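J.: Handing you this structure, nothing more for now.
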Number of protein chains: 2
Amino acid sequence: MKRWIFRKKRAEILEILLALAELGALIKPIEISTNKLAKILDMSQQSASRKLREMEKEGLISREITALGEKIRIRNAGISLLLEYHDRLCEIFRKIKPGIMVLKGVVVRGLGEGRYYMALKGYVAQIKEKLGFKPYPGTLNLKLKNTEDILKRIELQRLPGILIKGFLDGVRTYGDVKAFKAEINGIKPLAVVLPERTSHGIDIIEVIGPFNIREKLGLKNGDEVSLIIYLQ
Amino acid sequence: MKRWIFRKKRAEILEILLALAELGALIKPIEISTNKLAKILDMSQQSASRKLREMEKEGLISREITALGEKIRIRNAGISLLLEYHDRLCEIFRKIKPGIMVLKGVVVRGLGEGRYYMALKGYVAQIKEKLGFKPYPGTLNLKLKNTEDILKRIELQRLPGILIKGFLDGVRTYGDVKAFKAEINGIKPLAVVLPERTSHGIDIIEVIGPFNIREKLGLKNGDEVSLIIYLQ
DNA sequence: ATTACTATAGCTCGAGTAG
DNA sequence: TCTACTCGAGCTATAGTAA
């Protein structure tokens, strides 16, 4: 038999368990009516009722129907289901150290985009204000080789960072850019920039600074550098 | 409009994204045919094809159809979806320190179950061998008050611990029990026991030792103690 | 080998409603 | 109010194919 339908059901149940867990059902029984749960999950009361019955039948939760709703507790099997997804996701996004991130990258030729964007007044003014330097018109592009580093790079996307707001200049709109202060070989102030929309692959990271970084550091294509990023 | 159907679809997509991510699509494009993906997810080739098309349409992945399959990459929106679930689950299961876990609990009256189980030869012999003491027939039951502590308790369930195997004595079967070495106020050797099946709530933790812990520590119901658990 | 269209069997959801 | 049953409308999965 096809297990997909079963897996799909589990993913659906995950959604409900997440809601219940967020209501505190992992810790102590919670009292909730099918109506309220239905509102939280944006489904009909009937569906909420049915789902809870199914979950009880599968031993994922225990229920006790009272006058004004039900007392629901997530049972071990339910916790296991949550932990299973937790583990799979954690395995994918391995934890990073807080505060600082170190990435190794190889210098590669950019697309010339950086030069273009770093010359736009809308960005320049904000970078000066928020990062403390007037950006040299051009970016240093580093290609990440290591799987670990690419995962870190992905982590960066979810961190708040320093927001360089987008703008429109009458012709087109320019998107938000996220930035993190950084340094290479002790040389700073530098910053990593992550445009909201980018044509680069996830394995490329762009570095800006108040000077031509390649020249200042004597770098050429293919050189490997360590980049320290301050997550602040 | 009901958002539940939308949430359900997202949970379903999570399942597929997880499979793709586990194949490495977060890092670099992966080459896979709808047939192979269908096998992995235990669905029909047609469904795999449709799902991928839907996900592409929603901007979650990018595809490039080649002669022998497709080149698939998870795009930012897809990564966001994974991170969203990751964050929600992490929020529920906060990270614990490795090696040692400290829990605070209040002494409560047990159900008399502990006394019964700790007298069974099948368990006693194993405890002696694996934990290094002959258990006193009775358990100290601690009620966890703190949310943080209950979350830690939940974490314990997923850690390997020391396995005390279940057995059958001709009449009924006795389930596996997981144990962790522990101490209270510097007094040891003690151990925390987590039966596979238990009638206790998730906020109760059972402690065993080679002596009557209540007497030895002069504890009475309502006393608060700190329990150190060795996760080994 | 691929991907993907069409048609249908089967499943799910929620309105109506009972208890 | 509550939970939960029935049943039809609508959605989803896959077998059969085409390209």
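J.: For residues that are more than 23 Å from A:GLU224 (Cα to Cα) and either at pLDDT below 85 or part of a helix (DSSP H, G or I) (or both), tally how many sit in region A:125-156. Lay out the reasoning, then the answer.
T.: Just the residues of region A:125-156 that are more than 23 Å from A:GLU224 (Cα to Cα), to begin with: A:125-134.
Filter again for either at pLDDT below 85 or part of a helix (DSSP H, G or I) (or both), leaving A:125-131.
So the count comes out to 7.
J.: Restricting to region B:63-75, name every residue that is within 12 Å of B:ILE16 (Cβ to Cβ) and either within 16 Å of DNA strand D (Cβ to nearest atom) or in contact with a Ser or Thr (Cβ under 6 Å, 6 or more places away or on another chain) (or both). Steps first, please.
T.: Here is the first cut: in region B:63-75, the residues within 12 Å of B:ILE16 (Cβ to Cβ) are B:72, B:74.
Across region B:63-75, there are no qualifying residues.
J.: Further question: For region B:182-230, enumerate the residues that are over 23 Å from the mean Cα position of the chain (by Cα) and part of a loop (DSSP other than H, G, I, E, B).
T.: First, the residues of region B:182-230 that are over 23 Å from the mean Cα position of the chain (by Cα): B:184-189, B:209-225.
Of everything in region B:182-230, those that are over 23 Å from the mean Cα position of the chain (by Cα) and part of a loop (DSSP other than H, G, I, E, B) turn out to be B:ASN185, B:GLY186, B:GLY209, B:PRO210, B:PHE211, B:ASN212, B:GLY218, B:LEU219, B:LYS220, B:ASN221, B:GLY222, B:ASP223.
Conditions tested, residue by residue: (1) within 16 Å of DNA strand D (Cβ to nearest atom); (2) touching a strand residue (DSSP E or B) at 6+ places or on another chain (Cβ under 7 Å); (3) of a type outside the set (S, T, N, Q).
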site	(1), (2), (3)
B:GLU54	yes, no, yes
B:ILE61	no, yes, yes
B:ALA77	no, no, yes
B:LEU83	no, no, yes
B:ASP87	no, no, yes
B:GLU91	no, no, yes
B:VAL106	no, yes, yes
B:ILE127	no, yes, yes
B:LYS130	no, yes, yes
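J.: Does region B:170-184 contain any residue that is under 17 Å from B:LEU131 (Cα atoms), of a type outside the set (S, T, N, Q) and out of contact with any strand residue (DSSP E or B) (no Cβ under 9 Å at 6 or more places or on another chain)?
T.: Here is the first cut: in region B:170-184, the ones under 17 Å from B:LEU131 (Cα atoms) are B:176-184.
With the extra rule that they be of a type outside the set (S, T, N, Q), the set shrinks to B:176-184.
Next, from what is left, pick out any that are out of contact with any strand residue (DSSP E or B) (no Cβ under 9 Å at 6 or more places or on another chain): none.
No: region B:170-184 contains no residue that is under 17 Å from B:LEU131 (Cα atoms), of a type outside the set (S, T, N, Q) and out of contact with any strand residue (DSSP E or B) (no Cβ under 9 Å at 6 or more places or on another chain).
Quick grid of which residues meet (1) at pLDDT 90 or above; (2) surrounded by fewer than 19 Cβ atoms within 10 Å (Cβ to Cβ); (3) more than 30 Å from B:TYR230 (Cα to Cα); (4) not assigned by TED's automatic domain parsing to the domain that holds B:LYS165:
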site	(1), (2), (3), (4)
B:ALA19	yes, yes, yes, yes
B:GLY24	no, yes, yes, yes
B:GLY69	no, yes, yes, yes
B:GLU84	no, yes, yes, yes
B:ALA119	no, yes, no, no
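Conditions tested, residue by residue: (1) among the hydroxyl-bearing types (Ser, Thr, Tyr); (2) assigned to a loop (DSSP other than H, G, I, E, B); (3) away from DNA strand C (no atom under 16 Å from the Cβ); (4) under 24 Å from B:ARG7 (Cα atoms).
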{"residue": "A:ARG53", "(1), (2), (3), (4)": "no, no, no, yes"}
{"residue": "A:ILE65", "(1), (2), (3), (4)": "no, no, no, no"}
{"residue": "A:ARG73", "(1), (2), (3), (4)": "no, no, yes, yes"}
{"residue": "A:ARG88", "(1), (2), (3), (4)": "no, no, yes, yes"}
{"residue": "A:GLU91", "(1), (2), (3), (4)": "no, no, yes, yes"}
{"residue": "A:VAL102", "(1), (2), (3), (4)": "no, no, yes, no"}
{"residue": "A:VAL107", "(1), (2), (3), (4)": "no, no, yes, no"}
{"residue": "A:TYR116", "(1), (2), (3), (4)": "yes, no, yes, no"}
{"residue": "A:TYR123", "(1), (2), (3), (4)": "yes, no, yes, no"}
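J.: Could you grab me the full set of residues in region A:121-148 that are loosely packed, with under 14 Cβ neighbours inside 10 Å and of a type in the set (Phe, Trp, Tyr)?
T.: Result: no residue meets the conditions.
J.: Let me ask something else. Could you list, in sequence order, the residues of region A:1-51 that are closer than 21 Å to B:PHE93 by Cβ, within 11 Å of DNA strand C (Cβ to nearest atom) and among the charged types (D, E, K, R)?
T.: Of everything in region A:1-51, those that are closer than 21 Å to B:PHE93 by Cβ, within 11 Å of DNA strand C (Cβ to nearest atom) and among the charged types (D, E, K, R) turn out to be A:GLU12, A:GLU15.
J.: Further, regarding this structure: Considering each residue of region B:8-53, count those that are in contact with a Lys or Arg (Cβ under 8 Å, 6 or more places away or on another chain), at the interface with chain A (Cβ under 8 Å from one of its Cβ atoms) and touching a residue at least 60 places away in the same chain (Cβ under 8 Å), and give that number.
T.: Here the count works out to 1.
Yes/no per residue for (1) of a type in the set (S, T, N, Q); (2) touching a helix residue (DSSP H, G or I) at 6+ places or on another chain (Cβ under 6 Å); (3) modelled with pLDDT under 85; (4) surrounded by fewer than 19 Cβ atoms within 10 Å (Cβ to Cβ):
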| residue | (1), (2), (3), (4) |
| --- | --- |
| A:GLY166 | no, no, no, yes |
| A:THR173 | yes, no, no, yes |
| A:ASP176 | no, no, no, yes |
| A:ALA191 | no, yes, no, no |
| A:ARG197 | no, no, yes, yes |
| A:GLU215 | no, no, no, yes |
| A:GLY218 | no, no, no, yes |
| A:SER226 | yes, no, yes, yes |
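J.: Here's another thing I want to ask about it. Which residues, taken from region B:44-60, are modelled with pLDDT of 90 or more and among the hydrophobic types (A, V, I, L, M, F, W, C)?
T.: B:ALA48, B:LEU52, B:MET55
J.: Oh, and also: Can we say A:GLU64 is surrounded by fewer than 14 Cβ atoms within 10 Å (Cβ to Cβ), within 30 Å of B:VAL177 (Cα to Cα) and within 25 Å of the chain's Cα centre (by Cα)?
T.: On the way: surrounded by fewer than 14 Cβ atoms within 10 Å (Cβ to Cβ): yes; within 30 Å of B:VAL177 (Cα to Cα): yes; within 25 Å of the chain's Cα centre (by Cα): no.
Spelling it out, it is not the case that A:GLU64 is surrounded by fewer than 14 Cβ atoms within 10 Å (Cβ to Cβ), within 30 Å of B:VAL177 (Cα to Cα) and within 25 Å of the chain's Cα centre (by Cα).
The values are calculated or read from the model by the stated rules, or taken from the named source; none is laboratory data. Since we're looking at a predicted model, the values are computed, not measured. Please note: Cβ atoms are built from the backbone with ideal geometry, for glycine as well, and neighbour counts cover all protein chains shown.
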